[in-house]
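Taking it in order: structure first as structure tokens, then the write-up.
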Amino acid sequence: MTVLTESRNIETGTERDVLLSVRDATVAFGESVILDKLSLDVYRGEILGFVGASGSGKSVLLRTILGLVRKQGGTIRLLGQDLDKASDEQRMRVDMRQGVLFQHGALFSALTVLENIQVPMREYLDLPRKLMDELALLKLELVGLPPDAAPKFPSELSGGMIKRAALARALALDPDIVFLDEPTSGLDPIGAAEFDELVGKLRDTMGLTVYMVTHDLDSLLTACDRIAVLGGKRVLVEGTVDDMLKCDDPWVKAYFRGKRARQIDRSARG
Amino acid sequence: MLTNSQGEASGAPHRPGENGEPRVTLREDGGAVACSLSGAWNTRTVAHIDAQMRALEARDDIRHLELDVSQATGLDTAGAWLIERLVHAHEQRGVDVTVSGQSEAATILLAAVRDAVAQDREAAARPHRAWILNLLERIGRAMYEARDDLVYGANILGATIGGAQMKLGRAHAVNPAAIVHQIDRMGVGAVPIIVLMSAIVGAIIAQQGAFQLRYFGAEIFVVDLVGILILRELGVLMTAIMIAGRSGSAITAEIGSMKMREEVDALTVIGLNPVGVLVFPRLVALMIAVPCLTIVANFAALGGAMFITWLYSGIPPAAFIDRLRDSIDLSTIFAGLIKAPFMALIVGIIASIEGMKVGGSAESLGNHVTASVVKAIFVVIVIDGLFAIFYAAIDF
């Protein structure tokens, strides 16, 4: 993985490295169409915030990208690989370069935190045991957990620690892209702010690309480079916070200009 | 000046440096060592270089260490970890270390990893103890656990007898719908398997008994044997074992998964007694269902025996029933049936205790379901033995 920090400038119109590209993705469960010809690009080195009303299909899109939900049409290219046409080996190469933080952590309850982080390492790499322990502890430190959390079981951790441990597992293989599903939900504002800061720091140090599904306005404002809004079964609008404030769609207006969003207004004016 | 390319000597299958494998080239000059790092230093490749880096780390004849990372490509946290580990180890010894040639991005990465290396990484090693102490500890823990089980079992029993569905001061009628629902699930649902199993067991006993008694020309006494054995012991025992496996495991899993998701805590906070709400209906349902199932099992087993004696020994069903009426009386039937509610109570209480002990993990749920079934079957058999001793003592 190459550390690329120079391609982060959003306004530049230069050709940028597209890590994930979704084209005309259509997903339907029976009669009900959830996503209709949705298209989306995620560029290398950016933090993309993905918002949408509850039930609008944010999680379905994420699960479709990860291959957990079958799509009826369209193409998804992840890390330059068309996932429908990928052979098992190509698929595995892609899997090695992506990390996922599920909404509730999805840590394996029968394994300790350290063993949880080592699961992807064991699966894909042939590392000496000592080095694997060291690397897992390093990941733990990078996400801001104390070393004494390593031998604990997930049931012994607080909500914020579970999110961090799950992030450490997502980062176990030094992925190019990580998918975060509501990473700050259930955290207090201070913990959420710390988590946002952590994601930004990891993006800078590890050159991560982050795809973040979130409802947290503060995260969108402070951590995300770009925001995409899902509505009406496709991407309504994408761009910076300023673009969001200019958008005329009633839901986007309500979301970014509602009572809870007054700090955005203030910062936009200031 | 000595050029020592250790990478080539390490016996790697490919020539190091090819295929982007990481590689260290050493240039030694007295106590000064200059390392030139090349190849890809990432999570997927560091395993090749780990041993060599550790060897370099362990050397204490180095006065001055110079690392040139300009040739290292694709540095990620794993690669950075190896580099920083080496730097840290030598800095601890007071060696002068310089790192040069890193890109801007690599500088940020190395700095972030350095913070992590600098922290005290002493993992608390578990103190080593003699095996005898471990053995004693396990025995002690098992004893305390058995005591806690007993106390908790008494609590559940007490709460059940007291009918404590609500917390103090809010006595409330038992919910009959819940009990009927449980009877349907644990009783009616179990009828087919219990009928089938009992009929087969009854048939087997009748066949073996008939073959043995044939030597004495006393084949007709197989009816006495089968009647007494099934009505006093086997009918209720087989039913209890089947219920322990079928319903005991279900109770443990249900209560256990509710415990895992804090539903039990929610009940407590709302003001409901978890034992009253979760355990009581199941216990009552079991105590009604198991005697009924025992009667069903008795009939099925006798039916199986009747069919087999007719088939193998030529005893017609009318003669079988006639003989049965002479050999058994009401007390034989009740000697078996009385045990049924006790068996039900034991299966239910053990299953509930194990369910309440489930911790946070899926593995714990599995362990407790296993423990529930094993303990319930074991205790059911022990209780049956105690009843046999008791009956013999009072000549019942």
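The values are calculated or read from the model by the stated rules, or taken from the named source; none is laboratory data. Please read all numbers here as calculations on a predicted model, not as lab measurements. Here the Cβ is made from the backbone with ideal geometry for all residues, glycine too, and neighbour counts use every protein chain on show.
Quick notes
- Long-range neighbours under 7 Å by Cβ, at least six apart or interchain, first residue part of a helix (DSSP H, G or I) within the range B:94-108, second modelled with pLDDT of 80 or more and of a type in the set (D, E, K, R): B:Ile108/A:Asp204
- Test: residue in the range B:77-87 that is more than 12 Å from chain A (Cβ to nearest Cβ), touching a Leu at 6+ places or on another chain (Cβ under 9 Å) and farther than 26 Å from A:Ala172 by Cβ: no
- Only one of A:Ser155, A:Ser109 that is in a helix (DSSP H, G or I), modelled with pLDDT under 85 and farther than 25 Å from A:Gly207 by Cβ: A:Ser155
- Answer residue from the range B:57-70, given it is in a strand (DSSP E or B) and closer than 26 Å to A:Met121 by Cβ and is nearest to the other protein chains (Cβ to nearest Cβ) among those: B:Val69
- Inside the range A:142-152, residues that are modelled with pLDDT of 85 or more and under 28 Å from A:Met92 (Cα atoms) make up a count of 1.
- So B:Ala240, is it under 23 Å from the mean Cα position of the chain (by Cα), assigned to a helix (DSSP H, G or I) and surrounded by fewer than 21 Cβ atoms within 10 Å (Cβ to Cβ): no
- Under the condition of being crowded, with 21+ Cβ neighbours inside 10 Å and of a type outside the set (A, V, I, L, M, F, W, C), the residues counted in the range A:106-132 number 2.
- Entry remark, the range A:177-213: residues being surrounded by fewer than 19 Cβ atoms within 10 Å (Cβ to Cβ) and either assigned to a helix (DSSP H, G or I) or in contact with a strand residue (DSSP E or B) (Cβ under 7 Å, 6 or more places away or on another chain) (or both) number 10 in total.
- Residue that is farthest from the other protein chains (Cβ to nearest Cβ) [pool: residues in the range A:116-140 that are of a type in the set (D, E, K, R) and more than 30 Å from B:Met260 (Cβ to Cβ)]: A:Arg129
- In summary, A:Gly74 fulfils each of the numbered conditions (1) closer than 30 Å to A:Ala228 by Cβ; (2) under 21 Å from the mean Cα position of the chain (by Cα); (3) crowded, with 18+ Cβ neighbours inside 10 Å; (4) not hydrophobic (A, V, I, L, M, F, W, C) with the single exception of condition (2).
- Options A:Ala172, A:Ala165: the member that is assigned to a loop (DSSP other than H, G, I, E, B) and crowded, with 17+ Cβ neighbours inside 10 Å: A:Ala172
- Test: B:Phe280 is assigned to a helix (DSSP H, G or I) and either at pLDDT 90 or above or not assigned by TED's automatic domain parsing to the domain that holds B:Val264 (or both): no
- Residue pairs whose Cβ atoms lie under 6 Å apart, separated by 6 or more positions or on different chains, with the first residue in the range A:157-170 and farther than 23 Å from A:Glu123 by Cβ and the second of a type outside the set (A, V, I, L, M) and surrounded by fewer than 20 Cβ atoms within 10 Å (Cβ to Cβ), are A:Gly159/A:Gly186; A:Gly160/A:Gly191.
Table: residues versus (1) of a type outside the set (Val, Ile, Thr); (2) crowded, with 20+ Cβ neighbours inside 10 Å.
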site	(1), (2)
B:Ile204	no, no
B:Phe216	yes, no
B:Ile230	no, yes
B:Gly235	yes, yes
B:Gly248	yes, yes
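- Leading residue by the ranking (farthest from the other protein chains (Cβ to nearest Cβ)) among those in the range B:44-56 that are surrounded by 16 or more Cβ atoms within 10 Å (Cβ to Cβ) and out of contact with any Phe, Trp or Tyr (no Cβ under 9 Å at 6 or more places or on another chain): B:Leu56
- Any hit, the range A:128-136, residues being in contact (Cβ under 8 Å) with a residue 60 or more places away in the chain and outside any helix (DSSP H, G or I): no
- Filtered by the rule that a residue be touching a strand residue (DSSP E or B) at 6+ places or on another chain (Cβ under 6 Å) and either crowded, with 23+ Cβ neighbours inside 10 Å or at pLDDT below 80 (or both), the range A:214-227 gives A:Thr214, A:Leu220, A:Ala223, A:Cys224, A:Ile227.
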